[in-house]
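A.B. asks: Handing you this structure, nothing more for now.
Just so you know, all these numbers are worked out from the coordinates, no wet-lab data involved. Because the structure is a prediction, the values reported are computed rather than measured. Neighbour counts run over all protein chains shown; Cβ positions are idealised from the backbone, glycine included.
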Amino acid sequence: MIIIIAILGIILAIAVPRVTIYIEKSKIAADMETVEALNSVTPLYRATSSSDPFMDLSKTNIELIEVLLNTGFLSSIVEPQNEDASFIWDFENQKWIYSISY
């Protein structure tokens, strides 16, 4: 009985960190897909809108995402799956980037 418990403990010690890494990689992959979507719809919005809040340095990232949401370019608010990450509008390069802070 003790041998079985020891074997199960070893298996769990190996499996749990691997599962955690897999979950983290999945969250990052999902967030990267969201950044691609943001970078696809933002130029469409800018081409069809008479105003361009993406040039306004006083706008926050949340406000810019809400602009896309409120004008129908996004169907729901987007938030990173990874709690240490954020979607950031890069004013200099005029595109969305993904940032993770550890």
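A.B. asks: How far apart, in nm, are the 7 Å Cα→Cβ label points at Asn39 and Glu92?
C.D. replies: 1.6 nm
A.B. asks: From the gyration tensor of the Cα coordinates in the chain, what semi-axes in whole Å does the equivalent ellipsoid have, largest first, with each one equal to sqrt(5λ)?
C.D. replies: The three semi-axes for the chain are 42, 12, 10 Å.
A.B. asks: Output the 0 to 90 degree angle, nearest 10, between the alpha-carbon long axis of helix 2-48 and the longest principal axis computed from the alpha carbons of the chain.
C.D. replies: It is inclined by approximately 10 degrees.
A.B. asks: Right, here's the next one. Would you list which lysines come within 20 Å of Lys59, measuring only between C-alpha atoms, while excluding same-chain residues fewer than 8 positions from it?
C.D. replies: Cα-Cα hits under 20 Å: Lys95.
A.B. asks: Could you check the spin-label model distance between Thr71 and Glu24? Points 7 Å from the Cα along Cα→Cβ, value in nm.
C.D. replies: The modelled label-to-label distance comes out at 3.7 nm.
A.B. asks: Between 0 and 90 degrees, rounded to the nearest ten: what's the tilt of helix 61-70 against the longest Cα principal axis of the chain?
C.D. replies: 70 degrees
A.B. asks: Using +1 on the beta carbon of Lys and Arg, -1 on that of Asp and Glu, and nothing else charged, what's the dipole of region 28-100 about the Cα centre, debye to 20?
C.D. replies: Working: 3 positive and 12 negative charges, 60 e Å.
Once rounded to the nearest 20, the dipole reads 280 debye.
A.B. asks: Could you pull out every residue, at least 5 positions away or on a different chain, whose amide H is within less than 5 Å of the one on Lys95? Hs are placed 1.01 Å off N in the peptide plane, and Pro or chain starts have none.
C.D. replies: Asp90
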